[in-house]
Ligand SMILES: Cc1cc2nc3c(=O)[nH]c(=O)nc-3n(C[C@H](O)[C@H](O)[C@H](O)COP(=O)(O)O)c2cc1C
């Protein structure tokens, strides 16, 4: 997955043009949009270029292209079952999975040293980060050290850390894990959830952080 990292350049993504452009795409066929007849052979690529098919995808290219998808960022937190101290990691590979039963999913790198601690806890908490929480994200993404140094938090019903300033929290437990390349796909059952602070989401786009003006 496209694990984020560095640049913290603030960017703003506006909602203003989104509905009309989405509707335009939904009501016209690809052929009509490109101006070719429906039974004409397809163009080489959607933008008309004739880029060769790619069989060897290097990680820089993968990150660069996938970075054009703009997810939010969550902090996955728990109390380390061995030490009892709060810990966590930042993740942008997060999604809702199922309503009935309520399931969410996220992807964690095999190299994560924090995931084994989170996984060992009975419950984990997904904190949906807000736009002012870039520093919180970076602190939780750093390897080693006290992940929660200086962070304010309360607890979910089962005692998992809920970060001050998060837009919402979701308390869950690991339901299933699926190995997938260099990551594991985690499916987690939701036990409790609630909104927390009001605000705008932290958006991760092209390797940087921005906000969404809805
Ligand atoms: C914006 C952002 C998004 C990230 N998304 C993920 C992710 O989806 N999955 C993942 O395993 N790591 C992700 N990371 C990296 C982890 O937060 C963390 O750096 C990594 O787990 C290494 O720390 P650890 O050894 O303490 O686990 C992301 C980092 C950032 C800054």
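Readers should treat all values here as calculations from the given coordinates under stated rules, not as data from a laboratory. Predicted model only: the values in this text are computed from it and were never measured. Counting neighbours? That spans all protein chains shown, and the Cβs are built from the backbone with ideal geometry, glycine included.
Structural remarks
- Count - residues of segment 172-199 that are surrounded by fewer than 16 Cβ atoms within 10 Å (Cβ to Cβ), in contact (Cβ under 8 Å) with a residue 24 or more places away in the chain and in a loop (DSSP other than H, G, I, E, B): 4
- A Cβ distance below 8 Å, combined with a sequence gap of six or more or placement on separate chains, defines the contacts here; from segment 110-137, residues that are farther than 8 Å from residue 75 by Cβ and without any contact (Cβ under 8 Å) to a residue 40 or more places away in the chain reach residues that are near the ligand (Cβ under 9 Å from one of its atoms) and not in a strand (DSSP E or B) in the pairs 113/143; 113/144; 114/147.
- Those residues of segment 93-118 which are within 14 Å of the ligand (Cβ to nearest atom), more than 14 Å from residue 183 (Cα to Cα) and surrounded by fewer than 19 Cβ atoms within 10 Å (Cβ to Cβ), in sequence order: 95
Here's the yes/no breakdown for (1) farther than 21 Å from residue 200 by Cβ; (2) within 14 Å of the ligand (Cβ to nearest atom):
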site: 130; (1), (2): no, yes
site: 138; (1), (2): no, yes
site: 152; (1), (2): no, no
site: 155; (1), (2): yes, no
site: 159; (1), (2): yes, no
site: 162; (1), (2): no, no
site: 175; (1), (2): yes, no
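- Candidate set: segment 72-92, residues that are touching a residue at least 12 places away in the same chain (Cβ under 8 Å) and surrounded by fewer than 19 Cβ atoms within 10 Å (Cβ to Cβ); chosen: the one nearest to the ligand (Cβ to nearest atom): 72
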